[in-house]
Amino acid sequence: MTRRNMAHVVRAPEEIVIYFSLPIMFVLVFGYVFGSGMAIPGGGNYREYLLPGVFVMTMLYGLGATATGIAVDVSRGVVDRFRSIDMARSALLVGRSGADLLRAVLEMATLIVCGLLVGWQWRNGVLDALAAVGLVLLLRFALTWVGIYFGLIVPNPDTVAVIVFPVAFPLTALSNVFVSPELMPDWLGAISSWNPLSATVAAIRELFGNPGTGGDSWVAQNPLLLAILWPVLLIAIFAPLAVRRYQRLSR
(Lines give C-alpha, C1' and ligand atoms only; values in the text may rest on other atoms or scores of the structure.)
Protein backbone atom coordinates (compact mmCIF):
# COMPACT_ATOMS: atom_id res chain seq x y z
CA MET A 1 0.00 0.00 0.00
CA THR A 2 2.88 2.39 0.73
CA ARG A 3 4.46 1.61 -2.64
CA ARG A 4 1.11 2.07 -4.39
CA ASN A 5 0.57 5.52 -2.91
CA MET A 6 4.14 6.62 -3.67
CA ALA A 7 3.67 5.45 -7.27
CA HIS A 8 0.77 7.88 -7.59
CA VAL A 9 3.09 10.72 -6.54
CA VAL A 10 5.71 9.74 -9.11
CA ARG A 11 3.12 9.47 -11.89
CA ALA A 12 1.66 12.91 -11.17
CA PRO A 13 4.66 15.25 -10.71
CA GLU A 14 2.50 18.24 -11.63
CA GLU A 15 0.73 17.85 -8.28
CA ILE A 16 4.06 18.22 -6.48
CA VAL A 17 4.85 21.38 -8.45
CA ILE A 18 1.47 22.90 -7.62
CA TYR A 19 1.71 21.78 -4.01
CA PHE A 20 5.10 23.46 -3.50
CA SER A 21 4.08 26.68 -5.22
CA LEU A 22 2.14 27.90 -2.15
CA PRO A 23 4.98 27.79 0.44
CA ILE A 24 7.47 29.17 -2.10
CA MET A 25 5.06 32.04 -2.80
CA PHE A 26 4.75 32.75 0.93
CA VAL A 27 8.55 32.83 1.26
CA LEU A 28 8.89 35.26 -1.64
CA VAL A 29 5.99 37.54 -0.67
CA PHE A 30 6.50 37.67 3.08
CA GLY A 31 10.27 37.29 3.02
CA TYR A 32 11.13 39.81 0.33
CA VAL A 33 8.08 42.07 -0.17
CA PHE A 34 6.78 42.45 3.40
CA GLY A 35 9.85 41.24 5.28
CA SER A 36 11.43 44.67 5.62
CA GLY A 37 8.37 45.87 7.55
CA MET A 38 8.08 42.86 9.86
CA ALA A 39 9.32 43.15 13.44
CA ILE A 40 10.89 40.25 15.34
CA PRO A 41 11.19 40.41 19.13
CA GLY A 42 14.88 40.46 19.90
CA GLY A 43 15.79 41.32 16.30
CA GLY A 44 17.10 39.07 13.55
CA ASN A 45 16.57 38.23 9.90
CA TYR A 46 12.89 37.84 9.07
CA ARG A 47 13.50 35.12 6.47
CA GLU A 48 15.20 33.01 9.13
CA TYR A 49 12.17 33.61 11.32
CA LEU A 50 9.77 32.75 8.49
CA LEU A 51 11.23 29.53 7.09
CA PRO A 52 10.51 27.27 10.11
CA GLY A 53 6.91 28.45 9.92
CA VAL A 54 6.77 27.61 6.23
CA PHE A 55 8.07 24.09 6.97
CA VAL A 56 5.21 23.51 9.39
CA MET A 57 2.61 25.22 7.22
CA THR A 58 3.50 22.90 4.34
CA MET A 59 2.94 19.88 6.57
CA LEU A 60 -0.46 21.26 7.58
CA TYR A 61 -1.69 21.77 4.03
CA GLY A 62 -0.49 18.27 3.19
CA LEU A 63 -3.48 16.83 5.01
CA GLY A 64 -5.58 17.96 2.05
CA ALA A 65 -3.72 15.53 -0.22
CA THR A 66 -4.17 12.78 2.35
CA ALA A 67 -7.91 13.37 2.69
CA THR A 68 -8.38 13.59 -1.08
CA GLY A 69 -6.47 10.36 -1.72
CA ILE A 70 -8.54 8.44 0.83
CA ALA A 71 -11.82 9.95 -0.41
CA VAL A 72 -11.00 9.01 -4.02
CA ASP A 73 -10.26 5.39 -3.02
CA VAL A 74 -13.56 5.16 -1.16
CA SER A 75 -15.64 6.78 -3.91
CA ARG A 76 -14.17 4.57 -6.65
CA GLY A 77 -14.73 1.36 -4.72
CA VAL A 78 -11.01 0.70 -4.36
CA VAL A 79 -11.40 0.07 -0.65
CA ASP A 80 -14.06 -2.58 -1.29
CA ARG A 81 -11.81 -4.34 -3.81
CA PHE A 82 -8.93 -4.39 -1.37
CA ARG A 83 -11.22 -5.91 1.26
CA SER A 84 -11.98 -8.81 -1.09
CA ILE A 85 -8.35 -9.93 -1.33
CA ASP A 86 -6.17 -11.64 1.24
CA MET A 87 -4.45 -8.77 3.01
CA ALA A 88 -4.45 -7.17 6.42
CA ARG A 89 -7.38 -4.81 7.04
CA SER A 90 -4.94 -2.27 8.48
CA ALA A 91 -2.78 -2.19 5.34
CA LEU A 92 -4.70 0.58 3.57
CA LEU A 93 -4.54 3.10 6.43
CA VAL A 94 -1.03 2.20 7.60
CA GLY A 95 0.22 2.21 4.01
CA ARG A 96 -1.29 5.62 3.43
CA SER A 97 0.30 7.05 6.57
CA GLY A 98 3.66 5.53 5.61
CA ALA A 99 3.51 6.97 2.10
CA ASP A 100 2.59 10.42 3.43
CA LEU A 101 5.54 10.29 5.84
CA LEU A 102 7.91 9.45 2.99
CA ARG A 103 6.41 12.25 0.94
CA ALA A 104 6.90 14.62 3.86
CA VAL A 105 10.60 13.68 4.00
CA LEU A 106 10.94 14.61 0.31
CA GLU A 107 9.05 17.85 0.91
CA MET A 108 11.25 18.79 3.85
CA ALA A 109 14.41 18.11 1.84
CA THR A 110 13.15 20.35 -0.96
CA LEU A 111 12.07 23.13 1.40
CA ILE A 112 15.40 23.07 3.24
CA VAL A 113 17.25 23.47 -0.06
CA CYS A 114 14.93 26.36 -1.00
CA GLY A 115 15.51 27.91 2.41
CA LEU A 116 19.27 27.74 2.03
CA LEU A 117 18.98 29.45 -1.36
CA VAL A 118 17.13 32.44 0.16
CA GLY A 119 19.53 32.86 3.05
CA TRP A 120 18.04 30.69 5.79
CA GLN A 121 20.35 28.40 7.77
CA TRP A 122 20.48 26.34 10.93
CA ARG A 123 22.97 27.49 13.56
CA ASN A 124 22.97 24.87 16.34
CA GLY A 125 24.58 21.91 14.63
CA VAL A 126 23.42 18.92 12.64
CA LEU A 127 21.95 16.93 15.56
CA ASP A 128 19.66 19.78 16.63
CA ALA A 129 18.66 20.30 12.99
CA LEU A 130 17.77 16.60 12.64
CA ALA A 131 15.76 16.81 15.87
CA ALA A 132 13.86 19.79 14.42
CA VAL A 133 13.09 17.85 11.24
CA GLY A 134 11.93 14.94 13.40
CA LEU A 135 9.44 17.22 15.19
CA VAL A 136 8.09 18.46 11.87
CA LEU A 137 7.64 14.88 10.64
CA LEU A 138 5.95 13.92 13.92
CA LEU A 139 3.42 16.70 13.38
CA ARG A 140 2.94 15.59 9.77
CA PHE A 141 2.29 12.01 10.92
CA ALA A 142 -0.34 13.29 13.34
CA LEU A 143 -1.95 15.45 10.65
CA THR A 144 -1.99 12.43 8.33
CA TRP A 145 -4.46 10.71 10.66
CA VAL A 146 -6.56 13.87 10.71
CA GLY A 147 -6.55 13.81 6.92
CA ILE A 148 -7.43 10.10 6.80
CA TYR A 149 -10.41 10.71 9.06
CA PHE A 150 -11.59 13.65 6.95
CA GLY A 151 -11.21 11.54 3.80
CA LEU A 152 -13.38 8.78 5.28
CA ILE A 153 -16.22 11.05 6.43
CA VAL A 154 -16.66 13.27 3.35
CA PRO A 155 -19.41 12.21 0.92
CA ASN A 156 -17.15 12.68 -2.13
CA PRO A 157 -13.61 13.93 -2.96
CA ASP A 158 -14.91 17.31 -4.16
CA THR A 159 -15.94 18.28 -0.64
CA VAL A 160 -12.47 17.75 0.86
CA ALA A 161 -11.43 21.35 0.17
CA VAL A 162 -14.65 22.59 1.78
CA ILE A 163 -13.55 20.98 5.05
CA VAL A 164 -9.76 21.24 4.93
CA PHE A 165 -9.28 24.88 3.91
CA PRO A 166 -11.59 26.38 6.59
CA VAL A 167 -9.63 24.36 9.16
CA ALA A 168 -6.11 24.93 7.81
CA PHE A 169 -6.31 28.66 7.07
CA PRO A 170 -7.33 29.85 10.58
CA LEU A 171 -4.76 27.51 12.15
CA THR A 172 -2.05 29.09 10.03
CA ALA A 173 -3.22 32.69 10.49
CA LEU A 174 -3.67 32.34 14.26
CA SER A 175 -0.18 31.01 14.85
CA ASN A 176 3.39 32.25 15.08
CA VAL A 177 4.17 31.27 11.48
CA PHE A 178 4.25 34.87 10.19
CA VAL A 179 4.05 37.09 13.28
CA SER A 180 5.20 36.61 16.86
CA PRO A 181 2.37 36.24 19.41
CA GLU A 182 4.10 38.95 21.46
CA LEU A 183 3.12 41.50 18.81
CA MET A 184 -0.56 40.52 18.85
CA PRO A 185 -3.28 41.70 21.26
CA ASP A 186 -3.08 39.74 24.51
CA TRP A 187 -6.12 37.55 23.87
CA LEU A 188 -5.09 36.79 20.30
CA GLY A 189 -1.51 36.17 21.35
CA ALA A 190 -2.70 33.61 23.91
CA ILE A 191 -4.67 31.75 21.23
CA SER A 192 -1.66 31.85 18.92
CA SER A 193 0.70 30.58 21.61
CA TRP A 194 -1.47 27.52 22.36
CA ASN A 195 -1.92 26.69 18.69
CA PRO A 196 -0.45 23.22 17.94
CA LEU A 197 1.36 24.69 14.93
CA SER A 198 2.93 27.39 17.09
CA ALA A 199 4.38 24.77 19.43
CA THR A 200 6.22 22.98 16.65
CA VAL A 201 7.31 26.22 14.97
CA ALA A 202 8.69 27.63 18.24
CA ALA A 203 10.45 24.34 19.02
CA ILE A 204 12.19 24.05 15.65
CA ARG A 205 13.18 27.73 15.70
CA GLU A 206 14.91 27.00 18.98
CA LEU A 207 16.59 23.86 17.62
CA PHE A 208 17.62 25.54 14.37
CA GLY A 209 18.91 28.58 16.29
CA ASN A 210 16.66 30.95 14.34
CA PRO A 211 15.30 34.22 15.76
CA GLY A 212 11.91 34.64 17.38
CA THR A 213 12.25 32.28 20.34
CA GLY A 214 11.75 33.13 23.99
CA GLY A 215 9.07 34.76 26.11
CA ASP A 216 7.92 34.82 29.71
CA SER A 217 4.86 32.56 29.52
CA TRP A 218 4.86 28.84 30.33
CA VAL A 219 4.04 28.06 26.71
CA ALA A 220 7.00 30.07 25.44
CA GLN A 221 9.32 28.37 27.92
CA ASN A 222 8.28 24.81 27.00
CA PRO A 223 7.98 24.62 23.21
CA LEU A 224 9.77 21.27 22.89
CA LEU A 225 7.41 19.59 25.34
CA LEU A 226 4.33 20.96 23.59
CA ALA A 227 5.73 20.07 20.16
CA ILE A 228 5.65 16.43 21.29
CA LEU A 229 2.43 16.48 23.32
CA TRP A 230 0.23 18.11 20.65
CA PRO A 231 0.98 15.55 17.88
CA VAL A 232 0.62 12.65 20.34
CA LEU A 233 -2.77 14.03 21.40
CA LEU A 234 -3.89 14.40 17.78
CA ILE A 235 -2.86 10.82 17.02
CA ALA A 236 -4.62 9.55 20.14
CA ILE A 237 -7.85 11.26 19.03
CA PHE A 238 -7.94 10.87 15.26
CA ALA A 239 -6.26 7.49 14.72
CA PRO A 240 -9.01 5.60 16.65
CA LEU A 241 -11.69 7.72 14.96
CA ALA A 242 -10.24 6.91 11.53
CA VAL A 243 -9.98 3.19 12.28
CA ARG A 244 -13.53 3.07 13.61
CA ARG A 245 -14.87 4.91 10.58
CA TYR A 246 -12.90 2.62 8.26
CA GLN A 247 -14.35 -0.45 9.93
CA ARG A 248 -17.90 0.90 9.48
CA LEU A 249 -17.46 1.23 5.71
CA SER A 250 -18.00 -2.51 5.29
CA ARG A 251 -21.22 -2.57 7.28
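When segment 160-184 is examined, which residues are found to be of a type in the set (Gly, Ala, Ser), open to solvent by less than 30 Å² (accessible area, probe 1.4 Å) and either outside any loop (DSSP other than H, G, I, E, B) or without any contact (Cβ under 8 Å) to a residue 12 or more places away in the chain (or both)?
Ala168
Quick check on Val126: is it under 23 Å from Tyr61 (Cβ atoms), free of Cβ contacts under 8 Å to residues at least 60 places away in the same chain and surrounded by fewer than 23 Cβ atoms within 10 Å (Cβ to Cβ)?
When the stated conditions are applied, Val126 does not pass them.
Just for helices (runs of 4 or more DSSP H) wholly inside segment 45-125: which have at least 1 residues that are over 25 Å from Ala173 (Cβ atoms) and among the aromatic types (Phe, Trp, Tyr)?
On the way: elements: 46-75, 78-83, 91-117.
Output list reads 78-83.
Please work out which residue is surrounded by the most Cβ atoms within 10 Å (Cβ to Cβ), limiting yourself to segment 191-218 and to residues that are touching a helix residue (DSSP H, G or I) at 6+ places or on another chain (Cβ under 8 Å) and at pLDDT below 90.
For segment 191-218, the residue satisfying everything is Gly212.
Looking at (1) open to solvent by 10 Å² or more (accessible area, probe 1.4 Å); (2) among the acidic types (Asp, Glu); (3) closer than 30 Å to Arg244 by Cα; (4) in contact (Cβ under 8 Å) with a residue 60 or more places away in the chain, which is the only condition Asp86 fails?
(4)
Is there a residue in segment 19-32 that is open to solvent by 60 Å² or more (accessible area, probe 1.4 Å), more than 20 Å from the chain's Cα centre (by Cα), modelled with pLDDT of 70 or more and not hydroxyl-bearing (Ser, Thr, Tyr)?
no
Restricting to segment 221-238, name every residue that is open to solvent by 30 Å² or more (accessible area, probe 1.4 Å) and either small (Gly, Ala, Ser) or touching a Lys or Arg at 6+ places or on another chain (Cβ under 6 Å) (or both).
If the condition is that a residue be open to solvent by 30 Å² or more (accessible area, probe 1.4 Å) and either small (Gly, Ala, Ser) or touching a Lys or Arg at 6+ places or on another chain (Cβ under 6 Å) (or both), then Ala236 is the only one that fits.
Does Pro155 satisfy the condition of being under 19 Å from Ala242 (Cβ atoms) and open to solvent by 70 Å² or more (accessible area, probe 1.4 Å)?
Values: under 19 Å from Ala242 (Cβ atoms): yes; open to solvent by 70 Å² or more (accessible area, probe 1.4 Å): yes.
Considered against the rule, which asks whether it is under 19 Å from Ala242 (Cβ atoms) and open to solvent by 70 Å² or more (accessible area, probe 1.4 Å), Pro155 comes out as yes.
Among the residues of segment 41-70, count how many are more than 19 Å from the chain's Cα centre (by Cα), at pLDDT 80 or above and either hydroxyl-bearing (Ser, Thr, Tyr) or open to solvent by less than 50 Å² (accessible area, probe 1.4 Å) (or both).
Qualifying residue count for the region: 1.
Cβ-Cβ under 7 Å, sequence separation 6+ or interchain: first residue in segment 42-58 and under 13 Å from Gly209 (Cβ atoms) and of a type outside the set (A, V, I, L, M), partner open to solvent by less than 10 Å² (accessible area, probe 1.4 Å) and part of a helix (DSSP H, G or I). Which pairs?
Cβ pairs passing all conditions: Pro52/Val201; Pro52/Ile204; Pro52/Arg205; Pro52/Phe208.
The values are calculated or read from the model by the stated rules, or taken from the named source; none is laboratory data. All of these numbers come straight from a predicted model, not from anything done at the bench. Quick reminder, even Gly has a Cβ in these numbers, built from the backbone with ideal geometry, and neighbours come from all protein chains shown. Only protein heavy atoms, including side chains, enter the accessible area calculation; ligands, DNA and RNA are left aside. Shrake-Rupley method; radii C 1.70, N 1.55, O 1.52, S 1.80 Å.
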